[in-house]
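Please read the structure below before turning to the comments.
The values are calculated or read from the model by the stated rules, or taken from the named source; none is laboratory data. Predicted, not measured: the structure shown is a model, and the values here were computed from it. Cβ sites come from the backbone with ideal geometry, for glycine too, and all protein chains shown count toward neighbours.
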C-alpha cells in the first residue's frame with residue numbers, strides 16, 4: 001500500500017481498540033506507518049468511546065477512511081449474564097457506527113468482526129462460510145443480526161467485509177478465565193486446571209495470524225478497484241479438544257498442574273472447526289503460528305511477567321494437541 005496515499009485518505013478507526021484483537025491490530029498498523037483512532041470503553045482519555053453513544057460515534061467516524069468494528073460484549077458467558085446489554089452493544093452499537101458512516105459524503109469502508117457462534121452447532125465439520133446460521137445463544141444471535149446490518153449497509157453503497165473469528169488467543173492481558181490464558185497461566189505457575197467438557201473441540205487461532213488476515217482485508221478495501229468479499233473465516237482449521245489443550249499446556253509448562261474435568265456449560269457450542277479454504281483463495285492467508293508455539297510463548301510470558309513480548313517461532317514438539 002502507498003502509505004502517503006493512506007495518510008491522505010484519513011485514519012482507520014478501530015472500535016474495541018483496547019481488546020485482544022483491537023490492541024494487536026492497532027499496534028501493527030501504527031508500526032506500518034498508518035494513523036489509527038482508538039475507540040473503547042476501556043481506552044484512555046483520548047481513546048474513550050462508547051458505541052452505544054451515537055454522538056460519540058459520529059465524532060469518531062468523521063474523516064476516517066475505514067473502520068474495523070470489534071467493539072462488542074465479546075464473550076458468550078457475558079451475553080448470557082446480561083442479554084439486554086449484549087444486544088444493545090452488539091447490535092445497537094454497530095447500528096450507530098454504520099449510521100455515522102453512512103452520513104459521510106464518502107462513507108468509510110467497514111470490517112465487521114463476527115464469530116463462529118453464528119453457526120450454533122454445525123451439522124458437518126469443518127464448517128464452511130456457507131454453513132447454515134443457527135445460533136444457540138444471545139451472543140451468536142447478536143452477531144447474525146450484525147451481519148444483516150452490514151449487508152444492508154453494503155446494499156447502500158458501503159464497502160464492507162465480514163470476518164468470522166474462532167477462539168482467538170495470544171496475550172496475557174486477555175480475560176484470565178478464558179480457556180487458553182487460564183491453562184497457560186496454570187501451566188506456567190504449576191496451578192490446577194479445570195476442564196469444563198473435556199471432549200469439547202475447538203479451533204484456536206493466534207491473534208498475530210488474525211491481525212495478518214485483517215490487514216489483508218484492509219488492503220483490499222483500500223484498493224481503488226474493489227470486488228465485494230463474502231464472509232471469511234480466519235481459523236486454524238485444526239481440531240483440539242479442551243482436554244488435549246490442557247495436557248499440551250501442562251507438557252509445555254511446568255508439568256506440575258493437576259487436571260480435573262467438570263461438565264460442559266449448557267449455553268456453549270461443544271464442537272467447532274472451521275474451513276480456511278476461502279481465506280486461502282481470496283486472501284492468500286493461512287495461519288503461520290502452530291498451537292504449540294503459541295501456547296509455549298504465552299506460558300513463557302506468564303512465567304516471566306513479559307506481557308508484550310513478540311512471538312518467537314518455536315519448533316512444534318511431537319505431542320498431543322498439535
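Of all residues in segment 50-96, how many are at pLDDT 95 or above, more than 22 Å from residue 159 (Cα to Cα) and part of a loop (DSSP other than H, G, I, E, B)? Count: 5.
Taking (1) modelled with pLDDT of 95 or more; (2) surrounded by fewer than 20 Cβ atoms within 10 Å (Cβ to Cβ) in turn, residue 248 satisfies each apart from (2).
Scan segment 39-48 and give yes if some residue there is assigned to a helix (DSSP H, G or I) and touching a strand residue (DSSP E or B) at 6+ places or on another chain (Cβ under 7 Å), otherwise no. Break it down into steps so the answer makes sense when it comes.
Here is the first cut: in segment 39-48, the residues assigned to a helix (DSSP H, G or I) are none.
No, there is no match, as no residue in segment 39-48 is assigned to a helix (DSSP H, G or I) and touching a strand residue (DSSP E or B) at 6+ places or on another chain (Cβ under 7 Å).
Just checking, which of 40, 50, 82 is surrounded by fewer than 21 Cβ atoms within 10 Å (Cβ to Cβ), without any contact (Cβ under 8 Å) to a residue 60 or more places away in the chain and under 20 Å from the mean Cα position of the chain (by Cα)? Exactly one of 40, 50, 82 is surrounded by fewer than 21 Cβ atoms within 10 Å (Cβ to Cβ), without any contact (Cβ under 8 Å) to a residue 60 or more places away in the chain and under 20 Å from the mean Cα position of the chain (by Cα), namely 50.
Can you tell me which residue is modelled with the highest pLDDT among those in segment 251-262 that are out of contact with any strand residue (DSSP E or B) (no Cβ under 9 Å at 6 or more places or on another chain) and surrounded by fewer than 23 Cβ atoms within 10 Å (Cβ to Cβ)? Only one residue fits best here, namely 251.
For residue 270, indicate whether it is under 30 Å from residue 64 (Cβ atoms), at pLDDT below 95, within 21 Å of the chain's Cα centre (by Cα) and surrounded by fewer than 18 Cβ atoms within 10 Å (Cβ to Cβ). Criteria not met by residue 270. Residues in segment 97-129 that are assigned to a helix (DSSP H, G or I), surrounded by fewer than 20 Cβ atoms within 10 Å (Cβ to Cβ) and touching a helix residue (DSSP H, G or I) at 6+ places or on another chain (Cβ under 6 Å): none. Scanning segment 256-294 for residues that are without any contact (Cβ under 8 Å) to a residue 40 or more places away in the chain and either within 23 Å of residue 197 (Cα to Cα) or part of a loop (DSSP other than H, G, I, E, B) (or both) returns 266, 286, 290.
Of all the criteria given as (1) buried (at least 18 other Cβ atoms within 10 Å of the Cβ); (2) at pLDDT below 95, the one not satisfied by residue 177 is (1). With respect to residue 226, is the statement that it is at pLDDT 90 or above and not in a helix (DSSP H, G or I) true? It is false that residue 226 is at pLDDT 90 or above and not in a helix (DSSP H, G or I). With respect to being farther than 23 Å from residue 207 by Cα, surrounded by fewer than 22 Cβ atoms within 10 Å (Cβ to Cβ) and without any contact (Cβ under 8 Å) to a residue 40 or more places away in the chain, residue 182 falls outside the description.
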